[in-house]
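Working notes, beginning with the structure itself.
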Amino acid sequence: MDFDCVGTGLDVECLVSSSPSSETNGTKLAVEEGGGDESKSDLLEMMVETGVLVSPFFFWGTAMVAMKEILPLVGPFFVAAFRLIPAGSLLIAFAASQSRPLPSGFIAWLSIALFGLVDAACFQGFLAEGLQRTSAGLGSVIIDSQPLTVAVLAALLFGESIGLVGAAGLVLGVIGLSLLELPALAIDESNFSLWGSGEWWMLLAAQSMAVGTVMVRWVTKYSDPVMATGWHMVIGGIPLAVISILNHDPAFSGSLKELTGSDILALLYTSIFGSAISYGVYFYSATKGSLTKLSSLTFLTPMFASIFGFLYLGETFSPLQLVGAIVTLIAIYMVNYGESTE
């Protein structure tokens, strides 16, 4: 019996003593030991929650590295559709295995369809179009400016506020991303038309993702978040597949037979981890906490892309890029600090 008490350190009744002070000391010891276990548990829980929050941006950043050599082999719209349809099907199957309910009713399906049009079809379509007309560095800066739009929309629609410090952090984040990517930019002054500009298409992609992030709260009022995410990816991927066929992407001209094992693994990674898991976690998190705070972590995506681009593709860091990485981390802290002090 005494051994069991020592093992748990929580059962005060097992501490037998004729002295009140001894009983008090025993109680204090038990509480302190229990408090230590609780502290460790809280720390572990916080680390897990942080890992879950950051995981979509890690997967998105590394998926960009995986996509880099795949796009010219199979075509941009094929990659966009492949990132959505198989990944969405996996999410739907997972949700069904967890007995999550299917969307029910006209409003539920309408909200998912609009969500799929904006966040899946438009975002991936604009992104694919922009990648053909601009450098990856400049495109990344523009895409990851979307937290500014999310902050404005969240303030207007949901009354979220991050204060002056948080707002300054968002602006600083864009500056940090610019410093991170500027050394890799290659500006083509001859390509300045609005609709022919890749920068314009990237800006549209950023706004699509921002609107989609805000829409998810409306969508999940009528549907399970995981199920809705899966269906919006499938619905949004269908028009992209049609465009890919009409655009005569290389994937439909026999190039799939020429892919190596590593090419296929890269393509699967972009779909499973770069879409299914990352989108599922991201939009589930968007239903639980601050949209502005979550969206600010988007600044991590190009950082992960740069790190793994260096490790696997031999891309190098310049001193200016290192400064940009530090500025970006400071910006994320400012946004989180501003939101937490409201």
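The values are calculated or read from the model by the stated rules, or taken from the named source; none is laboratory data. This structure is a prediction, so every number in the text was calculated from the model and none was measured. We place every Cβ from the backbone using ideal geometry, glycine too, and count neighbours over all the protein chains shown.
Here are a few things to note about the model shown:
- Residue match in region 61-69 (condition: surrounded by fewer than 18 Cβ atoms within 10 Å (Cβ to Cβ) and farther than 18 Å from L268 by Cβ): no
- Residue in region 108-131 that is at negative phi and at pLDDT below 75 present: yes
- Any hit, region 101-119, residues being in contact with a Gly (Cβ under 6 Å, 6 or more places away or on another chain), in a helix (DSSP H, G or I), buried (at least 17 other Cβ atoms within 10 Å of the Cβ) and of a type in the set (A, V, I, L, M, F, W, C): yes
- Subset tally (residues that are more than 21 Å from V74 (Cα to Cα) and not in a helix (DSSP H, G or I)) for region 216-260: 5
- Selection status of S161, modelled with pLDDT of 90 or more and either surrounded by fewer than 24 Cβ atoms within 10 Å (Cβ to Cβ) or basic (K, R) (or both): no
- Test: G75 is on the phi > 0 side of the Ramachandran plot and crowded, with 21+ Cβ neighbours inside 10 Å: yes
- Only one of the listed residues (V65, V54, V16, V48) is in a loop (DSSP other than H, G, I, E, B) and either modelled with pLDDT under 85 or within 27 Å of F310 (Cβ to Cβ) (or both). That residue is V16.
- Criterion applied to L194, L177, L170, L204 was being surrounded by fewer than 20 Cβ atoms within 10 Å (Cβ to Cβ), at pLDDT below 80 and either more than 25 Å from F82 (Cβ to Cβ) or under 23 Å from the mean Cα position of the chain (by Cα) (or both), and the one residue passing it is L194.
- Being at pLDDT 90 or above, touching a helix residue (DSSP H, G or I) at 6+ places or on another chain (Cβ under 6 Å), surrounded by fewer than 23 Cβ atoms within 10 Å (Cβ to Cβ) and farther than 18 Å from L268 by Cβ is a property that A95 has.
- Filter result (hydrophobic (A, V, I, L, M, F, W, C), over 26 Å from I107 (Cβ atoms) and touching a residue at least 60 places away in the same chain (Cβ under 8 Å)) within region 212-262: A241, I243, A251, F252, L256, L259
- Test: residue in region 70-79 that is farther than 15 Å from W231 by Cβ, outside any loop (DSSP other than H, G, I, E, B) and in contact with an Asp or Glu (Cβ under 6 Å, 6 or more places away or on another chain): yes
- Looking across region 270-288 at every residue that is of a type in the set (V, I, T) and either modelled with pLDDT of 85 or more or over 19 Å from V219 (Cα atoms) (or both), the one that is surrounded by the most Cβ atoms within 10 Å (Cβ to Cβ) is identified as T270.
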